Every structure is written in structure tokens, then in C-alpha cells.
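One structure is given below, encoded as C-alpha cells.
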Amino acid sequence: MAKWVYLFSEGNANMRELLGGKGANLAEMTSLGLPVPQGFTITTEACTQYYEDGREINEEIQAQINEHIEKMEEITGKKFGDSENPLLVSVRSGARASMPGMMDTILNLGLNETVVNVIAEKSGNPRWAWDCYRRFIQMYSDVVMEVGKKYFEELIDKMKAERGVTFDVELTAEDLKELASQFKAEYKEKIGKDFPDDPKEQLMGAVKAVFRSWDNPRANVYRRDNDIPYSWGTAVNVQSMAFGNMGDDCGTGVAFTRDPATGEKKLMGEFLINAQGEDVVAGVRTPMPIAKMEEEFPEAFAQFKEVCKTLENHYRDMQDMEFTVENKKLYMLQTRNGKRTAQAALKIACDLVDEGMRTEEEAVAMIDPRNLDTLLHPQFDAAELKAATPIGKGLGASPGAACGKIVFTADDAAEWAARGEKVVLVRLETSPEDITGMKSAQGILTVRGGMTSHAAVVARGMGTCCVSGCGDIAMDEENKKFTLAGKEFHEGDAISIDGTTGNIYDGIIPTVDATIAGEFGRIMAWADKYRTMKVRTNADTPADAKKARELGAEGIGLCRTEHMFFEEDRIAAFREMICADTVEEREAALEKILPYQQGDFEALYEALEGNPVTIRFLDPPLHEFVPTEEEDIKKLADAQGKSVEDIKTIIDGLHEFNPMMGHRGCRLAVTYPEIAKMQTKAVIRAAINVQKAHADWTVKPEIMIPLVGDVKELKYVKKVVVETADAEIAAAGSDLKYEVGTMIEIPRAALTADDIAKEADFFCFGTNDLTQMTYGFSRDDAGKFLDAYYDAKIFENDPFAKLDQTGVGKLMEMAIKLGKPVNPNLHIGICGEHGGDPSSVEFCNKIGLDYVSCSPFRVPIARLAAAQAAI
Ligand code: ADP
Ligand code: MG
Ligand code: MG
């Protein structure tokens, strides 16, 4: 028979998967001899079983729970529902990974009309007894029966108003007794049944409610944000009560062994006299700082400080603890490795190494790479942010904080910024034309688009804050206004957006600049020491490349050459190229483009100081670049000596029904080899020049052909590249070496990687397209249905943000297995958005990639994640 229930004395900290974090640590504290009210843990497996059994607790589990109640009665010498010495318990959730406040807790379970009178009399403290009872009814109704907190809070407020008091503690025993009966009446009215009196029935109901709370919407969102699988389930802890609400020699508190905001080594926390449970954090009364507890409860405080020391030494990490003092005696209710800001995480990890508690490897492993993001971008002032209420929420597409005046077009953004205004660009969605405006904006807010939409990708690349896909915005771009949360916003109105949480705020929330403290460097140096995989960057401009180098990039894994044409004077030449009728016309336009590209490439090689640079040839469908404004169309027509009508016809001709699967990637080079020729010339000439200037560097360009699905495509384009390149090299009398490789981003390329490897010097997984093509859904449209997929538990994550290891990952593994034996020198990387996602980086390390490449601001994250994967 499976064991579904464990006494605290039967478990330990290593059993977190089975007992949940809280249960495992309660067990560990018990075995350390710390004062823990005793009880038992119902396992996470029982939770999974509950869902398998159609949301019922089966008889076997029920029997074991009842058996353990009896054991608890023996241990505590108290009995459920007893008229002499009644047992009261708390019922607490506890998942493997801590999910603070996400699921529900019930206190004082076991009370009924009889028991409450018993404890009132025995304790000589009827106020306490009735306070417990009214709390219990309130929590049970809310959690188990989902009656809703607010009705009860209204009743409390009414009672306080009638009595003319401000605080709960000022209500008398009689008041609380009356509240309890009002609560029960409320319960009966809402549920249609009497409030349950039998403690065992109460317990089973509560356990069920905790299991059920694993699936509540709050918990589901939290799990998705924190990569916690739904399949884990939660454990339930049943623990005998310690009472912090028995009077003025009682209280309850929370504390950290180090400051969770700064990492400073000092006890931090709060304590509230004569209180229970969440009173401390609920803000009903103002708690005292933990240091003051020393004055009021010297003995319990001294004991608590000892406990802190014991726990920190034992867990070798900063602890976050919950405790209660009952009649001056300390009880420990919880400990866990405390959540902390990124800044604090770095300081604590370094301090623990310096204190001899942790090794460098362990310190590296302690930092959550995702948190580093926040260190690299401006942030909202924490206090101001706390005081603000969001008016809407989109996807936290690119981290950071932005506030400024609303503008609706990229041109306005550029113009306003030029005269010194801070602006937030609000658009339905962005397009390549908006780039300059996006750069001028503090932040970008879009109505449509997911994590890999144009706005999101570009913003992340630029390190600009972006909130994308806020569907609640009713946009009227034409009239430069939108409505959100019932308010109409106009050009020039102030708004703030948080690219980390996706929250949107009315008005200005002040920001502070990010600082990179010394510990950051120390941790990154350790990370570099222990990782084996290289980290490159996706950089399209010399400025991006420089930034990425500062952040530790060891090469460019992806330069999207089309991104070099977003600027005004360049786009004109580019458009001429696109709207050319004949090869001659196109070549004439390409002649104008060549110097721009060559100059950019030179700057990239310079910035990379001899480190590898991968340049991807033109990839997107050309119509993305054609002008849409009449004025621009006219300009283009004039430049080419064509009529506006002609240009419009050409533009219409470029229209595609499914552009992502249309005329793009290597298909462009197949139809217009002259484009590939020009790009090759630019790459090679630039490399030769930079090599000449820096004899001590090895400049070795890597030319990358996108969207190959068949080796013959690669062969065809490669021939153009090689002929052009070799001619250039010969003409210059140079001995420059270069490589030609391909993106693996079409499933067929992965499936036939052995063929492709014969022609390729390297593979680079373009996992944005590979995900899109493997799933067969568009990355620009997936945002529309992903929420439904989350709700239906079809997806737990956005596959464009977190690599689908099962499917897309299998294709990657297959490509490696097929490719390497054919071409042992083949080097392999990834340059999709996933290259900066920690769990995806771990996977890349596992399947043997040589490098990951990600946007500049993700480079430190990837370095750390790669180290963690290697350790
Ligand atoms: P969360 O996971 O949301 O922190 P907990 O299960 O820790 O929820 O419960 C919340 C609070 O309830 C605790 O911090 C503690 O103050 C109180 N509590 C829980 N169990 C007991 C108990 N056995 N005795 C006294 N207080 C308790
Ligand atoms: Mg807790
Ligand atoms: Mg691609």
C-alpha cells in the first residue's frame, strides 16, 4: 500500500518532491530539534491522485489521514473535538517550489460551538477563543466553500463601526462571539447548509480545498511565470496550532536572516503582538520591526536568534522564516531559502563564499539567471511602484521600466525625443519602419503581438522596455487616442510601463538607473570559469555589438543584415532594389547598398576584435520593406524614374498570402543571385580591410544562408557565394578564410541534416522559425490563442519563449546526430530567442551545442545559465 502521509518526524529536507518545500523543511526543523508544533504531511502524490480520481480523495488516502490524526492526538495529548483538551490544527499547502501566497491556508480547524466554549473557559480567555473561531469560519468559508472574503470583511467593518473602534484587537469577546454567529448565518445563506461541526469533516474539506487550490487561476499564472510544472501537485501540511493571539505575551512574525532587498547580513523582519497568521502581512495593524521584539520578548528573541543561526548554517543560505510566540514561548512554523532581489542574490552568494559556507560553483548555481535581467535595465523606484495600481497588463516582452508621454507614431517618437521629451510609443503593432522611433522611445506598448512579435524581438535586442499584446487597449491610431481601464488617453498624456511584469500604469512612476555592482562581476567571472559552451550575441549594428561585448559576448551568432536598412537614407536604396524590374536596375540599386553593408560589417569586425562574426544573408519577405505612405511611394517612383502607379503595381505584386512561408530566406538568393553576390562582396571586402588593419586578429567571416530546406538550395547559393568570395580574395591578393553555413530552421533541414552537413561549415538553429514551422503556427499570431491553450492545459509555456524540447528539441538532436559524423568540423549553435532562455540554454548544453547566441542584454543570463548547465 502506498504511503500517502508522513509525520513531521518521518521526513527530511531531501524529500521536497514528495512532501513539498514547507513539509520537508518542517520535518528537517523537527529533526534539528527546533520547536515545531507537530503534525503530518499529505504527499504531493496524494494531490496528483486526487486529480486522477476526478477530484476526490480516495478511501485509502482518507484512512491514512485519519490514522495520522490519531497519531497526532497521541503526540500532542490533545483530541479532535474533545471537551477536555481539544486539538486545533492548521491546514497548509506546500508545493515543491515555494509559491508564496498562491494557495490557501486554514487556521484553528477543529473548532465548533462546543469546543470554542471549552477553550474559552479553560484558558480563561474567551476573547481569544472567539477570535479563533471567527477566523476559522472566515477562512474555511473562503477557502473551502469559496464564499468570498469580502462579505466577512464587511461584517467586521460594520461591527467595528458600531463599536466605534479602529482595530480588530479592540473588539471584545462578546463582539467576536456575535461576529462568529453572523459569519455562520452568512455561510448558511450562501451555501444552504449549516457550517460543519465535525472536525474530521472539516479536515477532509480543507485538505480537498488545498488540493483544489493547486488549480486556481492565480496559482496557474504563477506557475507559468516561474516554470513550475502543473504535474507536480501540492502537499498538505496538518499542524497543531501555536497561538499568537492569546494576549500581549503572544504574537506572530516573519523574518529573513539577511536583507532580501540588499543582501546585507542582518536580521530583518516584522513582529505583531497578539496576532495570528497573516495579520503581519495583511497590513491591518502596523507590525513592529523585529529588533523591537527583543525588548518585549527577550527570551523568545534570544532563542529565535539561535534558531536563525542554526538554520542558516544548516541550509547554507539566507532563510525566510515564519514563527509564533505563544505565552512567551517560540514556535517555528516555516523556513525556506528566502526569495531575494537580483542585487541581494549576488551579494549573498558572494558573502557565502567569503564566509566559507559555499563553493564558487555553488554560488553560481544559487543565482536565478532570469533575475539578472532586472540589473541591466532602468527600474522603477520600488516604493513608488508599490504604491501604484496597474490599469492594464500585457506581456512583459522586454524588461525594464519606462515612463513618458504617449505618442502614436514612430515619427512622433523620434521628433518628440529629438526635442528632449521622454516618450512611450503606443502602437497596434510595430513594423520595421518603426525602428528609429522605437529607439527614441523609453518604452514600447503594443496592442497586438506575442513574445516574438516584431516589437518584442526588436525591443529586447535594443534593451528597450516593451509591453506587448495588451488586448484590453481599444486603439484609435488614426485619431491618436486609446481607451484603457475606462480612461481615454491622448497624445502627450503620461504613462508608465513595466517590461518585466507587463503592467501598465497611468501617469509617471519615477525610474532609477541600473547599477552593476562588484558582486555581479565576481559571479560572472566564476560562471565563465565553469561553463563550457560559448555565448555569442545577436547583433545587427556596431552599437549592439559593442554593448554585447561589454556584457561578455564571445562573438556574433546572428547579424540580421536586413536590419541594417532601417535608417532613412538607406531604406531608400533598399526599396529601389526591391522595386527593380530588371536585373540591371536591381544591380544598380545594389551598388548603392554595397558601401553601407561593407561599412557596417567593418564596424562589426572592429567591435568583435577578431572574435567570430556570423552574417546572415537577407531573410525576410521583401514586401515588409516597401513604403506604405503615399509620400514615400512618390519619392521612390521619382528616384527610379517610374510612375506612382508602376510602383504600386510592383508593391501589389509582392503581396503574399503567407509571407512567413513565402518568398524569403535562401529563396531570395535563388531568384536574385545578385543580392547574395553583393552581400558576399561586402562581407569579404570588409573582412580583408579589417584583417589588414589588425594583424594580430583572425578575421574569419561566417556567412549564413537562411531558410534552407534542401541541400540543393544551399549548394546553389553557396556556389554564388564561393565564386564571388574567391574572386574578391584573389583580386585583393589576400589569404582570408571564410565559412559558409546554414540556419537549421525548417524541419526538413533537420531531417536531412546529413546531406546538408556535406555542404555546410556550420549549423545554427533558428528556433523561432523552427518552432513556428514545426508546430505550424505563426509566431505573430500565436498570441491570440495561447491563453486558451494555457487555460486548457495544452501548453504550460509559450514555446517561442521556452524551447519545446520534446518536439523542436528532438529535431535539433536529430540534426546534430546526422550532421556531425558527416562533417566532424561542423560547429553548431542556436540563435533563436531561446538562446537567452535559461532552461533552453541548459538543453542546448546537454545536446552538445558549441554556442548559444542571444540578444545583448541576455548575454549575462546565457553565460550564467551555461555555467549552471555545466556544473
Ligand atoms: P503561506 O504558504 O501562504 O505562507 P502558510 O501555510 O505558511 O501559508 O500559513 C500562513 C500563516 O499562517 C503562517 O505564516 C503562520 O503565521 C500561520 N500558521 C500556519 N500554521 C500555523 C500553526 N500551526 N500555528 C500558528 N500559526 C500558523
Ligand atoms: Mg508561509
Ligand atoms: Mg528564421
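Just so you know, all these numbers are worked out from the coordinates, no wet-lab data involved. None of the values given here were measured: they were computed from a predicted structure. Quick reminder, even Gly has a Cβ in these numbers, built from the backbone with ideal geometry, and neighbours come from all protein chains shown.
Taking H as built 1.01 Å from N, whose amide H comes closer than 5 Å to the amide H of Ala95, not counting residues under 5 places away?
Gly21, Lys22, Ala235
In region 711-808, which trypsin sites (Lys or Arg not before Pro) are in a loop and have at most 13 other Cβ atoms within 10 Å, using DSSP for the loop call?
Answer in residue order: Lys737, Lys793.
Spin-label point model (7 Å from Cα, Cβ direction): what's the Glu162 to Lys793 distance in nm?
Once both label points are built, they end up 4.4 nm from each other.
Expressed in nm², what is the orientationally averaged projection area of the convex hull enclosing the Cα positions of region 352-405?
6.0
Can you list the residues of region 654-678 with backbone N under 20 Å from a point 7 Å past the Cα of Ala588, pointing along Cα to Cβ?
672-678
Taking the Cα centre of region 69-335 as origin, sum charge times position over the Cβ atoms of Lys and Arg (+1) and Asp and Glu (-1), and report the length of that vector in debye to the nearest 20.
Computed charge dipole of region 69-335: roughly 660 debye.
Looking only at Cα atoms, what is the convex hull volume of region 135-267 per residue, in Å³?
Convex hull of Cα atoms, per residue: 186 Å³.
Taking the simple approach of a point 7 Å from Cα along Cα-to-Cβ for both Lys648 and Glu73, what is their distance in nm?
Placing both labels 7 Å along Cα→Cβ, they lie 8.8 nm apart.
Under a cut-off of 17 Å between alpha-carbon atoms, report the lysines in cross-link reach of Lys160, not counting same-chain residues fewer than 8 places apart.
Those lysines meeting the cut-off are Lys149, Lys150, Lys177.
Out of residues 5 or more away from Met704 or on other chains, whose amide H comes under 5 Å of its own, with H placed 1.01 Å from N in the peptide plane?
So Met704 has HN proximity to Ile615, Arg616, Phe617, Gly741.
What residues have an amide H closer than 5 Å to that of Cys764, excluding those fewer than 5 places away on the same chain, when H is modeled at 1.01 Å from N in the peptide plane?
HN-HN under 5 Å from Cys764: Thr742, Met743, Ile744, Gly829.
Hull surface divided by four, with the convex hull built on the Cα atoms of region 69-335: how many nm²?
Averaging across all directions leaves 15.1 nm² for the Cα convex hull.
Which percent, to the nearest 5, of DSSP beta bridges fully inside region 69-335 are antiparallel?
95
Could you tell me which trypsin sites (Lys or Arg not before Pro) in region 266-333 are loop residues by DSSP with no more than 16 other beta carbons within 10 angstrom of their beta carbon?
Passing both the DSSP loop test and the Cβ count: Lys266, Arg285, Arg316, Lys328.
If I stretch the segment between Tyr230 and Ala302 completely, what's the gain in nm (0.36 nm per residue apart, minus their alpha carbon distance), one decimal?
That works out to 21.8 nm of additional length.
Note down the net charge around Lys71, summing +1 for each Lys or Arg and -1 for each Asp or Glu among other residues with Cβ under 14 Å from its Cβ.
Here the charged neighbours net out to -2.
Taking the Cα-to-Cβ direction at Leu751 and at Thr114 and moving 7 Å from each Cα, how far apart do the two end points lie in nm?
Modelled inter-label distance: 7.2 nm.
If you take the beta carbon distance between Glu421 and Thr483 as r and set R0 to 22 Å, what does 1/(1 + (r/R0)^6) give as a FRET efficiency, to the nearest 0.05?
Taking R0 as 22 Å, the efficiency between Glu421 and Thr483 is 0.45.
Report, to one decimal in Å, the Kirkwood hydrodynamic radius for region 785-871 based on all distinct Cα pairs.
13.9
Assigning unit charges at the beta carbon (Lys, Arg +1; Asp, Glu -1) and nothing else, what dipole magnitude in debye, to the nearest 20, does the chain show about its Cα centre?
Rounded to the nearest 20 debye, it is 1460 debye.
Which three lengths, in whole Å and largest first, does region 10-125 cover when its Cα atoms are put on their principal axes?
Answer, in whole Å and largest first: 42, 37, 28 Å.
Mind giving me the FRET efficiency for Lys200 and Ala173? R0 is 30 Å, r the Cβ-Cβ distance, nearest 0.05 is fine.
0.60
If exposed chymotrypsin sites (Phe, Trp or Tyr not before Pro) are those in a DSSP loop with at most 13 other Cβ within 10 Å, what is the longest stretch of the chain that has none?
168-656
Could you name the lysines whose alpha carbon sits less than 21 Å from that of Lys681, not counting residues in the same chain fewer than 8 places away?
Lys592, Lys692, Lys700, Lys715, Lys718, Lys719, Lys737
Would you work out the Kirkwood radius for region 377-512? I mean one over the mean of 1/r across all pairs of different Cα atoms, in Å.
Final number for the Kirkwood radius of region 377-512 is 14.0 Å.
Could you sort out which of Lys480/Lys546; Lys158/Lys184; Lys208/Lys309 sit more than 27 Å apart by Cα distance in this structure?
Lys480/Lys546; Lys208/Lys309
Ignoring solvent entirely, what values of log10 I(q)/I(0) come out of the Debye formula for region 429-509 at 0.18 Å⁻¹ when each Cα is a single scatterer?
At q = 0.18 Å⁻¹ the computed log10 ratios are -0.74.
Out of region 570-636, which GluC sites (Glu not before Pro) are coil in DSSP terms and have no more than 16 other C-beta atoms within 10 Å?
Here the sparse-neighbourhood loop sites are Glu609, Glu629.
Within region 738-839, how many lysine pairs that are 8 or more places apart, or on different chains, have C-alpha atoms less than 17 Å apart?
6
What are the ³J(HN,Hα) values, in whole Hz, obtained from phi via the Karplus relation 6.51 cos²θ - 1.76 cosθ + 1.60 with θ = phi - 60°, for each residue of region 49-64 in sequence order, with x given for Gly and Pro?
Running phi through 6.51 cos²θ - 1.76 cosθ + 1.60 with θ = phi - 60° gives 4, 4, 5, 5, 7, x, 6, 10, 8, 6, 5, 4, 5, 4, 4, 5 Hz.
Can you find, among Gly552, Thr500, Ala637, the residue farthest towards the positive end of the dipole of the chain? Put +1 on the C-beta of Lys and Arg, -1 on that of Asp and Glu.
Checking the options against the dipole of the chain, the answer is Gly552.
Can you figure out the FRET efficiency of Glu629 with Asp493, using R₀ = 30 Å and their beta-carbon distance, to the nearest 0.05?
E(calc), rounded to 0.05, equals 0.75.
Can you list the HN-Hα couplings for region 539-550, worked out from phi with the Karplus curve (6.51, -1.76, 1.60; θ = phi - 60°), rounded to whole Hz and with x for Gly and Pro?
In residue order, the calculated couplings are 9, 10, 10, x, 5, 4, 4, 4, 4, 4, 4, 4 Hz.
Residue separation times 0.36 nm, minus the C-alpha to C-alpha distance between Lys149 and Phe785: what's the value?
225.7 nm
Bin width 10 Å, origin at 0, all Cα-Cα pairs of the chain: what percent of pairs per bin?
Result returned by the calculation: 2, 11, 18, 21, 18, 13, 9, 6, 2, 0, 0.
Any lysines with Cα under 25 Å of the Lys305 Cα? List them, leaving off those in the same chain fewer than 8 positions away.
Straight-distance partners of Lys305: Lys22, Lys265, Lys266, Lys292, Lys328, Lys329, Lys339, Lys347.
Among DSSP beta bridges lying fully in the chain, give the percent that are antiparallel, nearest 5.
65
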